[in-house]
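Quick one: structure below, then a few questions.
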Amino acid sequence: MSSVVKRFFTSRPPFYEVIPKKKVMNRILFDLDAKHSFNKLYPVYESIYKKLDGDGEAEIPAKITANDLMVMKRALETVRVQSHSTNKHLVSLENSLVEYAAERGNNDAVSLLAYEALLGNDEEDKQHAKKLISKLLEMKHPLTVKLSGDLCLRNKMNQQAEQFYLDFIALEDDTFLASEVFKQLGILSFQKPDLIQARHWFSRSVKTGPLDKVAECHYYLGQLNGFDPKRSRYHLEAAASQGFKESFKQLGFLELNQFGNVSKATEWFKLGTELGDVDCVVGLFDCFMKENKFKMAYGAYTTLKQNEPAFEHFTETRTKSIALMNENYTPLKNTMANIEKFQQSESTAVNDNDRWNI
């Protein structure tokens, strides 16, 4: 059967079309301290991928351990996080890698599958999952402790979640997983609110995890360091560099109100506006009024009119600015001014003609 015909009858595209480029994968694998290069792992990825919708087992060499399979899984997860996009075929491949790793005795994989079963509908699977989780908790298996905290958090059992997270930190505190736990502890402290403790946990998270996974922590730190504008700006810029939407508004108002940099503030507000943040349109209005760009301010005003809740708050908080804008520019006022200019020019032309008795 030709490759074209095979593709027609297959629900998935060829593997080479979905897997990221070699350079990207090698960098990620290096960051994860993988024992094997992408060249060595590519055939394993491909073999498992081809068996996603078929019968039989994938061909996995004996030298590829259960831990290697989990590293391969984390590499794909990293791609998903860094690209801010999800490829359903690669997600299926991730899940299959976890299953193969669990079959080979990797406790992290067993824990992931157990919690997945716990959230499912099959009662028999749930009971088996509970037994596995109990055994893993007795062993003080770090990932199981962390996932127990996540499950409690999901069920709004915040106090129990916090205790599980603290138990996890006692087991390991210098891994990428620890960075995630520090973040959750920071959020829980922020909600209490215990802001000093929240700043402590968020700071530990950003020191432990890669930038692409701690953007939210930088955002929180930007707010918690409001007393220090320069430090606040540093954290908010770190969050913005990873596309964290809420940071653009904060950066814009920080530049405008604390540093008086209207140009820089305008840049941040424009970026936020492109991401659909209506508060950034308000920020643009403030910037345009600051520079007496009344026509552009009116454009922002018109955009805000389309969002009723935001427009109501906007008009309540910026009465003087709106009045000043209306004094200097509205389409009707501009039209009347143009008519007056035209009439004056016509009058001048008539007077010039009268000199010649025409």
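The values are calculated or read from the model by the stated rules, or taken from the named source; none is laboratory data. These numbers were taken from a predicted model, which means no experiment stands behind them. Positions of Cβ are generated from backbone atoms using ideal geometry, with glycine treated the same way; all protein chains shown enter the neighbour counts.
For the stretch 115-192, list the helices (runs of 4 or more DSSP H) that sit wholly inside it and hold at least 1 residues that are over 22 Å from ALA102 (Cβ atoms), touching a residue at least 24 places away in the same chain (Cβ under 8 Å) and of a type outside the set (Lys, Arg); which are they? It would help to see each step written out before you state the result.
Values: elements: 123-138, 142-154, 158-171, 176-191.
Of the helices (runs of 4 or more DSSP H) lying wholly inside the stretch 115-192, those with at least 1 residues that are over 22 Å from ALA102 (Cβ atoms), touching a residue at least 24 places away in the same chain (Cβ under 8 Å) and of a type outside the set (Lys, Arg) span 142-154, 158-171, 176-191.
Right, something else. Quick one: how many residues across the stretch 204-214 are buried (at least 18 other Cβ atoms within 10 Å of the Cβ) and part of a helix (DSSP H, G or I)?
Taking the stretch 204-214 as the starting set, the residues that turn out to be buried (at least 18 other Cβ atoms within 10 Å of the Cβ) are 204-206, 208-209, 213-214.
Now drop any that are not part of a helix (DSSP H, G or I), which leaves 204-206, 208, 213.
Result for the stretch 204-214: 5.
LEU119 passes all but one of (1) of a type in the set (A, V, I, L, M); (2) touching a Phe, Trp or Tyr at 6+ places or on another chain (Cβ under 7 Å); (3) modelled with pLDDT under 95; which number fails?
(2)
Just the residues that are among the hydroxyl-bearing types (Ser, Thr, Tyr), part of a loop (DSSP other than H, G, I, E, B) and under 30 Å from ALA240 (Cα atoms), please, taken from the stretch 60-114. Give the derivation first.
Looking only at the stretch 60-114, we keep the residues that are among the hydroxyl-bearing types (Ser, Thr, Tyr), and these are 65, 78, 83, 85-86, 92, 96, 100, 111.
Narrowing further to those that are part of a loop (DSSP other than H, G, I, E, B): 65, 85-86.
SER85, THR86, listed by residue number.
Could you tell me whether ALA198 is modelled with pLDDT of 95 or more, touching a helix residue (DSSP H, G or I) at 6+ places or on another chain (Cβ under 6 Å) and farther than 20 Å from GLN250 by Cα? Walk me through how you get there before you give the answer.
Working: modelled with pLDDT of 95 or more: yes; touching a helix residue (DSSP H, G or I) at 6+ places or on another chain (Cβ under 6 Å): yes; farther than 20 Å from GLN250 by Cα: no.
Against the criterion (modelled with pLDDT of 95 or more, touching a helix residue (DSSP H, G or I) at 6+ places or on another chain (Cβ under 6 Å) and farther than 20 Å from GLN250 by Cα), ALA198 does not qualify.
Of all the helices (runs of 4 or more DSSP H) wholly in the stretch 233-314, which have at least 2 residues that are surrounded by fewer than 16 Cβ atoms within 10 Å (Cβ to Cβ)?
Details: elements: 246-257, 262-274, 278-290, 294-305.
Per the criteria, 262-274, 294-305.
To continue, here is another question. Only residues that are assigned to a helix (DSSP H, G or I), surrounded by fewer than 14 Cβ atoms within 10 Å (Cβ to Cβ) and at pLDDT 50 or above: list them for the stretch 1-26, please.
TYR16, GLU17, LYS22, LYS23, listed by residue number.
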